[in-house]
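All remarks here apply to the structure that follows.
Please treat every number below as a calculation from the coordinates, not as lab data. Note that the structure is a prediction, hence the values are computed from the model and not measured. Using ideal geometry, Cβ is built from the backbone for each residue, glycine included, and neighbour counts are taken over all protein chains shown.
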Amino acid sequence: MSMREIWTDRSKGDDLRWFWRLYRLRARAKNRLWRDLITYLANRSACRHGGYVGPGAVIQGIPVLPHGLHGVYISRYAVIGPGCRIYQNVTIGEVDHRAPVIGPGCLIGAGAVLVGGIQVGEGARIGAGAVVRGDVPPHSTVLPPPPCILERSVPDVSL
């Protein structure tokens, strides 16, 4: 990678190496004071990148974030498997302290919302803008409802 590419990635906020290092370090911290300090630094870093990853979230491996952490919200109760690809403005939220468990190799499209204690199977694909409130079987695709065109009104131009 050239210096120009490195600086471009850093200026866009797509370089998340330090964020993931802090995330892993926080998981290994034994002392509560250190863990709180690392949580503070990780949250500041996530905020700088425009997203949030809850301190209790279990993320196996490092997910692929093509657009960085921009608008991504991951609940502290979420579990994300290895090799997941998450696009911008995705919400993985909680309901009554229960959050989604996402299997390995999943793709979550831009603007998708996953809430509650649901299971997303291995290799599932969730389309952009989909709202998922129920379990998703492995290797399946979830799409948002099609847009609905209402009756077109033509303005009356007669005088």
What is the extension gain from E5 to L37, computed as 0.36 nm multiplied by their sequence separation minus the C-alpha to C-alpha distance, in nm to one decimal?
8.4 nm
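Taking the Cβ of G117 as the center, what net charge do the other residues with Cβ under 15 Å away carry, scoring Lys and Arg +1 and Asp and Glu -1? Before the final figure, lay out each step's value.
Details: positive: R76, R98, R133; negative: E94, D96, D135.
The answer is 0.
I'd like the antiparallel share, as a percent to the nearest 5, of DSSP beta bridges with both residues in the chain. Don't jump to the answer; show the numbers that get you there.
Working: 1 of 24 bridges.
The antiparallel fraction comes to roughly 5 percent.
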Would you work out which of G81, I118, L22 lies farthest towards the positive end of the dipole of the chain, given +1 charges on the beta-carbon of Lys and Arg and -1 on that of Asp and Glu, about the Cα centre?
L22
Answer label, with volume of the Cα convex hull per residue in Å³ calculated from the coordinates and candidates [x] 123; [y] 190; [z] 105:
[y]
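If you take the beta carbon distance between V157 and R48 as r and set R0 to 41 Å, what does 1/(1 + (r/R0)^6) give as a FRET efficiency, to the nearest 0.05?
Numbers: r = 53 Å, r/R0 = 1.29.
Using R0 = 41 Å, I get an efficiency of 0.20.
For the chain, what's the relative contact order in percent, using C-alpha pairs closer than 8 Å and at least 6 residues apart? Can you show the working numbers first?
Values: 343 pairs, mean separation 19.4, N = 159.
Contact order relative to length: 12 percent.
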Positive end of the dipole of the chain, charges at C-beta (+1 Lys, Arg; -1 Asp, Glu), about the Cα centre: which of V132, H49, G109 has its Cα farthest in that direction?
H49
Total charge dipole magnitude, the chain, about the Cα centre, Cβ charges on Lys, Arg, Asp, Glu only, Debye to nearest 20:
940 debye
